[in-house]
Amino acid sequence: MITQEVKERLIADYPKFEDMTRKFYKKEISIADYKGQSGAFGSYAERGAETGMSRWRFNGGRITRDQMQFLAGAIRKYNLKHVHFTTGQCLQMHGLDGETILSLFKECYEHGIYNRGAGGDNPSNLVASILRGIDPRETFDITPYATAIGEYILEQMFFIKIPRKFKMGIDNGFDSTPHATFKDLGFNLNKHNTFDVYACGGIGPNPRIGIPVARDVAPEDVLYHVKAMLMVFANHGNFKNRGKARTRYMPADMGGAEAFIKVYEETLNMVKEVENLTVDPARYAYEITKSGKRDDSVLNHRIHRQKQEGLYYVEYHPVGGDADVEHLLAALDYAVTLDQVEARIAPDEAIFFINLTADEARKIASLTDDSAVNDFRRSVSCVGATVCQIGMQDSNGLLKAIFTHLDEKGIDTKKLPRLHISGCPHSCGTHQIGEIGFHGSVKLVDKKPQPAFILVDGGSEHMGSENFGKMAGNIVFTKIPEFMEALANILNEAPEPDFGSWRLTHKSEYMNLIKSFE
């Protein structure tokens, strides 16, 4: 568990954050100078520099009942209008003034939400399988080890200086959304109930699949690998060129994958010799004692069965991860009245309410009835350029424009795949691992620059078939909804059950369709 000493460290430099934030919103320091410091406290200024964002860090996306109650209270107290579920299993509150940002940082801390290090050159929030501990398919519960890693990195950021952000993922062997095989460090549970460890992966500019650095690692040894990788990054990462400061550039700089693995193994052995980081799962485990009466009539595209007898979970996936505040509040208000219910933010910008009886699941689903109805409606988008300082185009606006257009045309979208849309090449919307991805760009039309998006084809996040998509076209913003309409019409007339199946034998037709909209 997080020690009192670590908790004190997490709030000790709040006065520094307070001072810089007040100066920034009084226009006494620049956007660049503020960004370089505020990210470490989970906050960035938004486009226009009049408002800012507060990022709430939840270990593996888990939100306890007390935290749900606090969240609902904060939404009402500060009249929060823009609540966004992120691909890093965090919450982002947008459109805030400086004093609200400061107040939320302190209040979050009082409720065990530690936003220190939720941005900047620090280890990011650990992304973990959303169904850990409740998945009927799993044979091993990774929860204690995910919790241990998430808490450990909060401590380590004060002792190890790394050149850039450091992203980690851990999965239960079935759920690919933590992207464990292409994170800076990832733990993939295998059939032996041990972990295969991958390092130096990542999406964004120059994406890389992770290098396998260890096989069949005992779960209780995961922290040795976390410490070893942080030390290698600190000692061999690029502190001079931020553009090449992520771990995925290290192996080439060190002489190749074999050279990197050699250094990694030497560092790991040293850590094992001098530190005791063995995880005692009993310190982090918690038991779900609740049960209910099995009633599978409740099952649908949003409600699914847990491995616990008579319990179910409900998915709430709003458009682009932007919650309808009134629906979210209604669900939170009801959930906090229930026994052992918690929420978990998913890496695809949804929130799951778990440990529900069938009747409780029906109620939660009814309170969040604006949720996605199929996989296409579960499409992923970052917040985009209307909010983000570095975003090139309005990714969230594009997704909503696509949905609105297809709705107005009455198009059946059941065969369309999930879209992944980023406002720029940095892949906050995970465009590189979607069957269809888009990232913001500019295109000259009649010698005039127009908002556009690069279409990325053929990505996959699925374990064993991971692949980064390739650029297939550059389409102006206004034509993309029509492109999706044309694609849907083709799919709906085809015998194949979905886009993926159709694309396997119709790739040339698909490429020609893209070209016709360029």
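The values are calculated or read from the model by the stated rules, or taken from the named source; none is laboratory data. What you see is a predicted model; the values in this text were computed from it and never measured. Cβ: placed from backbone, ideal geometry, glycine included. Neighbour counts: every protein chain shown. SASA here: full protein model, heavy atoms, side chains in, ligands and nucleic acids out. Shrake-Rupley method; radii C 1.70, N 1.55, O 1.52, S 1.80 Å.
Observations on the model:
- All of L80, L71 fail the test of being at pLDDT 95 or above and in a loop (DSSP other than H, G, I, E, B), apart from L80.
- In segment 287-314, the residues that are on the phi > 0 side of the Ramachandran plot form Cβ pairs under 6 Å with partners that are open to solvent by less than 70 Å² (accessible area, probe 1.4 Å) and assigned to a loop (DSSP other than H, G, I, E, B), at six or more places apart or across chains, as follows: G310/G292.
- When residues in segment 29-46 are screened for being modelled with pLDDT of 95 or more and among the charged types (D, E, K, R), 1 of them pass.
- The residues of segment 309-332 that are over 20 Å from Q92 (Cα atoms) and open to solvent by less than 30 Å² (accessible area, probe 1.4 Å), listed by number, are G310, L311, Y312, Y313, V314.
- Close contacts from segment 446-468, counting a first residue that is without any contact (Cβ under 8 Å) to a residue 40 or more places away in the chain and a second that is loosely packed, with under 14 Cβ neighbours inside 10 Å and part of a loop (DSSP other than H, G, I, E, B), with Cβ to Cβ under 6 Å and a gap of 6+ residues or different chains, come to none at all.
- The set of residues in segment 333-351 that are over 28 Å from G423 (Cβ atoms) and surrounded by fewer than 24 Cβ atoms within 10 Å (Cβ to Cβ) comprises D333, Y334, V336, T337, L338, D339, Q340, V341, E342.
- Test: R164 is basic (K, R), open to solvent by 10 Å² or more (accessible area, probe 1.4 Å) and touching a Phe, Trp or Tyr at 6+ places or on another chain (Cβ under 6 Å): no
- Hey, A218 more than 18 Å from A146 (Cβ to Cβ), open to solvent by 20 Å² or more (accessible area, probe 1.4 Å) and modelled with pLDDT of 95 or more or not: no
- Selection count where residues are without any contact (Cβ under 8 Å) to a residue 40 or more places away in the chain and open to solvent by 40 Å² or more (accessible area, probe 1.4 Å), scope segment 257-269: 4
- Within segment 8-48, the set of residues being under 30 Å from P281 (Cα atoms) and touching a residue at least 24 places away in the same chain (Cβ under 8 Å) comprises R9, L10, I11, A40, F41, G42.
- Set side by side, the residues D394, D412, D370 differ, and just one is in contact with a strand residue (DSSP E or B) (Cβ under 8 Å, 6 or more places away or on another chain) and either of a type outside the set (K, R) or open to solvent by 20 Å² or more (accessible area, probe 1.4 Å) (or both), which is D394.
- The residue pairs whose first member lies in segment 236-254 and is under 12 Å from P205 (Cα atoms), whose second member is open to solvent by 20 Å² or more (accessible area, probe 1.4 Å), and whose beta carbons are closer than 6 Å, counting only pairs six or more residues apart or on different chains, are K244/N238; A245/R164; A245/N238; R246/R164; R248/R208.
- Counting only helices (runs of 4 or more DSSP H) that sit wholly inside segment 426-518, those with at least 1 residues that are over 27 Å from D322 (Cβ atoms) and either modelled with pLDDT under 95 or among the acidic types (D, E) (or both) are 480-493, 507-516.
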